[in-house]
Amino acid sequence: MSAKGPEAFLKEHAGALLNSFSEVYFINSRLVGLAFLLLTLANPRLALAGLITLAAAYGFARLVGLREEFLQSGYYTYNPLLVGLGLGSVYGVSWLSLLLLLLAGVMTLVVTLAMARVFYWYLGLPILSLPFVAVISAMTLASGHYSNLFVASFYPAPHLPELPLPLWALGYFRSLAAILFLPHSLLGLGLAVILLLASPLLFGLSVAGYYTGSLVSAAMTGSWEGAFLNLNHFNYILIAMGIGGVFLVASPRSFLIAMLAVASSVVLVDAVMVFWATYGLPVLTLPFNLVTLGFVYILRLLGNPLVARRVMSAPEATLDYHLSVTSRFDDCPIALALPFAGSWTVWQGFSGPWTHQGPWARAYDFILTDGEGQSFRGEGAETKDYLAWGKPVLSPLSGRVVRVVKHHADQKIGQIDQQNSWGNLVIIQTEDGWHVELSHFQKDSLRVAEGDWVERGSLLGLCGNSGNSPQPHIHVQVQIGSRIGESTLDFRFSGYLGAAGYVTKGLPEPGTWAESLPPAPPGVASFPLTEKLVFKAIHGKGERGLVTWEVKMDAEGTYYFDSGKGQLYFGRIGDCHCHYTLVGSDLSLKTLFLALPRWPLTERRELEFSESLPLGLLYGPIMRRVLLPLGAFYHQLGRPFGRYRLKNGEIRGTVSSGWGKKQVDTWAQIDLQKGLRGFSAMEWTYMRVEDE
């Protein structure tokens, strides 16, 4: 524990302590955590036990030097809290039970950190409450030998009146409160109200999950009374919430998957009850962990688009983040620049009608066309008639040239070389290990040799018509190895101009044009760690003081601007500085997000682009609370949409709601030499203050 003393320690870590309580129900909120803590005080012994294990876990974390940011969210500490609540529900107060709680807190944190590392790196999964199950099971088995431990009761019932409700309603409230080891209907009602206020989606899923599982159980056993009296059915509540809205993005399909998971878990809950009873152990949350982790793992393995990219503070926030991010950013990890200068036309894209099939489906062909869409002059009988013939082919990335073929003859129009399908080619190996092949160069036109290092934009050779090529064109594909003709990998092009405007990362449609853009000089929009940015805040015509941001990095390596009241996460995608998500309620960061959701880092003086933005940027708390839960059923409900135009160092935009009844005009001033100069929206303007 800190040398400042227990009182100072608790004050310093109060936020993280409260988050530990809220994380039990998949919410990250200090206010919600405080409400849950107050409810546990209905049984002071239980609440005290939970706080003791939390203190032990935090003290040990400080002793071994664990960074504080890993503890602030409550993700690593709600398992020690659950262990403390569980032990407090069984054992009375004594010096031996105090020792047991302290050891349990330390042990649970160690198990949590170890499991989190293994599950995240090897399975890509959360640990949920598996550490809690492992530690409290071990503690329960071992405590049978500790004769000095005083067993008070299991699931202690506070001296509170039960609600005058039918059994089917009492069962839900008791099971909901049993998650905190307080299975009492009045406390369950309090928890339900808190859930409803904090996250209507979680509340709805808890109800649907409980009754789905209980009704299936009742049908299996033939006892409706037994189903609603079984406190182990809190597992159905946790499964429904975890799959339906936390680890999957809330939608009708995720709700259906969640209910199927609950129904399939009924047999597992009963099986665990029978097996665990042999050793005198309670069911705990083992069925919830096994079912939820199993479903999430399979869905992630299959690449299901509903799997949440980032779990936020509540399902509504996760949904908002998912909808804004998936519509703005493609998650394909491989991105190339266009392999040419100027504007070319897509002749054949992925799974094209001619040669892009089977193992070679993920490839692109580009041709040059005139204003009427023709790729040749005159009759097009000779290769020199084609506009692409002899044009420079540029490297779409930096890497090492590992293979060069340059001796194949160019084919006459109407003839193809099927024995040497790729013709003259260059294969470039990237620092990440994958390879890019560019094909159909003119004979002897290649300017690089094997072993050369090439930078993005370097001249590789001239566009030709060698190999299986009906007309001069550029072929580009990504593959694992350096062999000619290997199976292709998924990829995207980054930082180009298309028919719909500027594209940060994507694939132009066949038949449309794509124009490469000259990148900005190195260092533009570079925000090093610990840098402080100071802005003068102006509202109307009057100044409202200074605003200071500091550049920081979270535990996952993502940079963000921190104003003290909020955090705006950002990063670079290709040749674009992008703002990802806003946490907190800082007005200056919200204004920047509205005015500059992305910053194309190009020397081109004029271009246009559009954005789908988070609901929180345009609506107040009340409208967000209405729109976000409804958005689970119709994802585009009220979603803000922005249109932006870059011209001569200024980006002007208009952000409107999904039904067009609310509109905000925005402005940002950028400079390729000096960076961000100012921005405005919603009658607020912020101008950069230069360092003296």
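The values are calculated or read from the model by the stated rules, or taken from the named source; none is laboratory data. No experiment lies behind these values; they were computed from the predicted model shown. Here Cβ is always computed from backbone atoms with ideal geometry, including for glycine, and neighbour counts include all displayed protein chains. Remember, those area values only see protein heavy atoms, side chains included, never the ligands or the DNA or RNA. Shrake-Rupley method; radii C 1.70, N 1.55, O 1.52, S 1.80 Å.
A few remarks follow.
- Estimated Rh, the stretch 275-433: Kirkwood, alpha-carbon pairs, angstrom: 21.4 Å
- Think of the chain as a dipole: +1 on every Lys or Arg Cβ, -1 on every Asp or Glu Cβ, centred on the Cα centre; then among V478, V267, L299, V267 lies furthest on the positive end.
- Quotient of Cα Rg and 2.2 N^0.38 Å for the stretch 612-654, N being how many residues it contains: 1.46
- Percentage of interatomic Cα-Cα distances in the stretch 103-144 larger than 12 Å: 58 percent
- Karplus-derived 3J(HN,Hα), 6.51/-1.76/1.60, for each residue of the stretch 241-247, Hz, glycine and proline x: 5, x, 7, x, x, 9, 8
- Candidate values (1) 95, 66, 49; (2) 100, 74, 51; (3) 98, 48, 47, label of the one derived for Cα extents along the principal axes in Å: (1)
- Euclidean distance between Cα centres, the stretch 234-306 to the stretch 326-347, Å: 39 Å
- When +1 charges are put on Lys and Arg Cβ atoms and -1 charges on Asp and Glu Cβ atoms, the dipole computed for the chain relative to its Cα centre reaches about 980 debye.
- Annotation note: trypsin sites (Lys or Arg not before Pro) in the stretch 456-493 located in DSSP loop regions with a Cβ neighbour count of at most 16 within 10 Å are R456, R483.
- R377 paired with T278, simple spin-label distance in nm, labels 7 Å along Cα-to-beta-carbon: 8.6 nm
- Ratio Rg/Rh [Cα only; Rh per Kirkwood] for the stretch 390-492: 0.95
- For the stretch 345-455, the fraction of C-alpha pairs more than 19 angstrom apart is 53%.
- Rounded to the nearest 500, the helix-only mean residue ellipticity at 222 nm of the chain stands at -11000 deg cm²/dmol, with each DSSP H run of n ≥ 4 adding -39,500 (n - 2.57).
- Ratio of Rg to Rh for the stretch 514-661: 0.97 [Cα atoms; Kirkwood radius as inverse mean 1/r over pairs].
- Relative pair counts by distance (%), Cα atoms of the stretch 552-622, 10 Å bins: 18, 48, 28, 6, 0
- Using C-alpha pairs below 8 Å separated by at least 6 residues, the relative contact order for the chain is 8 percent.
- Farthest toward positive dipole pole in the chain [+1 Lys/Arg, -1 Asp/Glu at C-beta], among C576, A499, T666: T666
- Cα-based Rg and Dmax for the stretch 206-260, where Dmax is the largest Cα-Cα distance (Å): 11.6, 35
- Within the accessible area of the stretch 80-137 (1.4 Å probe), percent carbon and sulfur: 81 percent
- Alpha carbon centroid spacing (whole Å) that separates the stretch 405-423 from the stretch 559-581: 48 Å
- Residue-level accessible surface for I413, protein heavy atoms, 1.4 Å, Å²: 50 Å²
- A straight Cα-to-Cα reach below 23 Å connects K412 with the lysines K384, K391, K443, residues fewer than 8 places away in its own chain not being considered.
- In the stretch 539-692, Cα pairs under 8 Å separated by at least six residues give a relative contact order of 16 percent.
- FRET efficiency estimate (nearest 0.05) - Cβ-Cβ, Q419 to V311, R0 56 angstrom: 0.60
- All alpha carbon pair distances within the stretch 461-505 were sorted into 5 Å bins beginning at 0; the resulting P(r) in whole percents reads 5, 15, 16, 16, 25, 16, 7, 0.
- The mean sequence separation of alpha-carbon pairs under 8 Å and at least six residues apart, normalised by the residue count of the stretch 452-518, gives a relative contact order of 18 percent.
- For the chain, the longest principal axis of the Cα atoms and the long axis of helix 30-40 meet at an angle of about 20 degrees.
- For the stretch 501-574, the ratio of Cα radius of gyration to the globular rule of thumb 2.2 N^0.38 Å stands at 1.57.
- Folded to 0 to 90 degrees: helix 44-64 orientation relative to the chain principal axis, Cα: 40 degrees
- Nearest 10 degrees, 0 to 90: helix 200-221 Cα axis against the chain principal axis: 70 degrees
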